[in-house]
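S.K.: Next up is a structure, given as structure tokens.
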Amino acid sequence: MVALRPEIQLKNLGLNLYEVKIWTALLSRGVSTAGELSDIANVPRSRSYDVLESLEKKGFVIMKLGKPIKYIAVPPKEVVERVKKNVESYAKDEIKKLTDLKNTDVINELSTLHTQGVELVEPADLSGSLRGRHNLYNHIEYIIRKSQKSIFISTTQNEFMTISNKFKGLFVKLKKKNVKIRILTQVNNQIKKYVDELRQTVEVTHTENRARFCIVDGKEIIFMVLDDTEVHPTYDVGIWVNSPFVKDIENVYSKLA
């Protein structure tokens with residue numbers, strides 16, 4: 001039997017170490033008292049009552065009335081469903097708060113402050129490094145959303161599938177604004193389905209080159225410096241540059257492709 005480490009396996013359920021020990025001990029008994037669980041789980045008796053109260057509030061256990069007070073374990077699959085619903089509810093509340101915050105005077109004032117600050121900076125100084133594929137895609141989405149004229153992307157076939165899934169809806173909106181979108185990648189049977197889905201909004205061209213970059217309006221470029229098949233997403237690295245010379249890069253690469 002494979003030995004499990006509950007403190008690691010159950011961290012996504014939002015339990016601390018004592019809660020994991022008490023809950024798993026209760027699961028092994030079905031019904032038990034706080035004292036019994038304390039002994040089984042090797043948790044100080046003075047803490048077991050607090051832990052059980054916390055587990056009860058989280059929906060992991062049910063308190064059985066009577067003397068002595070006993071606790072009943074809620075089935076693990078039911079617990080997962082409860083946690084899932086709680087997370088979804090919490091996420092909706094947080095999203096609403098952020099959506100409401102977006103339209104407040106505070107954000108408007110901060111946006112004005114940022115705009116005035118950027119106006120004092122040379123465009124070429126607006127550049128930097130991006131670490132982690134999640135951050136890279138977030139910033140790519142950010143500069144794509146601002147696009148007014150054109151988007152030029154070069155990517156690998158594996159990354160093309162991710163880009164297709166993440167930005168398909170955004171590409172449709174930009175197409176309606178007459179933004180020209182072109183993607184270069186290794187077109188083959190593996191990605192044919194994704195290429196066909198994008199054909200209505202995006203010009204997809206075959207290339208053997210595996211360069212990874214995104215150019216928007218001939219002014220901004222994000223280029224990834226590592227092979228996406230050889231680096232973990234956490235360690236992926238990109239460079240973002242805002243420069244009038246980006247258009248020249250786009251022109252040269254278009255001819256080579």
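S.K.: If Rh is defined by the Kirkwood formula over all Cα pairs and Rg also comes from Cα, what ratio Rg/Rh do you get for the stretch 146-203?
M.R.: Working: Rg = 10.8 Å, Rh = 11.4 Å.
When Rh is taken as the Kirkwood radius, the ratio is 0.94.
S.K.: Right, another one. Of the options Phe60, Gly35, Ala25, report the single residue whose Cα projects farthest towards the positive end of the charge dipole of the stretch 6-77 (beta-carbon charges: Lys, Arg +1; Asp, Glu -1).
M.R.: Comparing the listed Cα positions along the dipole, Phe60 ranks first.
S.K.: Something else now. Amide H to amide H under 5 Å from Asp236: which residues, 5+ apart in sequence or cross-chain, H placed 1.01 Å off N in plane?
M.R.: Gly132, Arg133
S.K.: Computed from the coordinates I sent, percent of Cα pairs over 35 Å apart equals one of (1) 18; (2) 22; (3) 45. Tell me the label.
M.R.: Read-out from the structure maps to (3).
S.K.: Which residue, Gly132, Gly218, Gly66, has the most motion in a Gaussian network model of the chain that connects Cα atoms within less than 10 Å?
M.R.: Gly66
S.K.: Moving on to the next point. Among 81-93, 23-35, how do they line up by average Cβ neighbours within 10 Å per residue, starting with the highest? Can you show the working numbers first?
M.R.: Values: 81-93: 11.7, 23-35: 17.8.
For the peptides 81-93, 23-35, the packing ranking is 23-35, 81-93.
S.K.: In addition: Which aspartates and glutamates have a Cα lying under 19 Å from the Cα of Lys96, excluding residues fewer than 8 positions away in the same chain?
M.R.: Within reach: Glu88, Asp105.
S.K.: State the three equivalent ellipsoid semi-axes of the stretch 6-77, derived from the C-alpha gyration tensor as the square roots of 5 times its eigenvalues, in descending order and whole Å.
M.R.: Numbers: eigenvalues 62, 36, 22 Å².
Semi-axes (√(5λ), whole Å): 18, 13, 11.
S.K.: With +1 on each Lys and Arg Cβ and -1 on each Asp and Glu Cβ, and nothing else charged, work out how big the dipole of the chain is about its Cα centre, in Debye to the nearest 20. Walk me through the intermediate numbers first.
M.R.: Working: 40 positive and 32 negative charges, 201 e Å.
Computed about the Cα centre, the dipole is about 960 debye.
S.K.: Follow-up question, since we're still on this one. In straight Cα distance, which aspartates and glutamates are under 14 Å from Lys180, not counting same-chain residues fewer than 8 positions off?
M.R.: Glu203, Asp217, Glu250
S.K.: On to the next question. Label Glu94 and Asp50 with points 7 Å out from Cα along Cα→Cβ: what is the distance between them in nm?
M.R.: Modelled inter-label distance: 2.6 nm.
S.K.: Need one number: the % of Cα-Cα pairs in the stretch 123-256 sitting beyond the 17 Å mark. Write down the numbers at each step before the final one.
M.R.: Values: 4999 of 8911 pairs.
The answer is 56 percent, as a whole percent.
S.K.: Springs between alpha-carbon atoms under 10 Å, Gaussian network over the chain: tell me which of Ile72, Ile222, Ile181 tops the mean-square fluctuations.
M.R.: Comparing Ile72, Ile222, Ile181 in a Gaussian network model of the chain, the most mobile one is Ile72.
Quick note: the coordinates plus some simple rules give every number you see, no bench work behind them. Given the structure is predicted, the values throughout are model-derived calculations rather than measurements. Backbone-built Cβ (ideal geometry, glycine too); neighbour counts: all protein chains shown.
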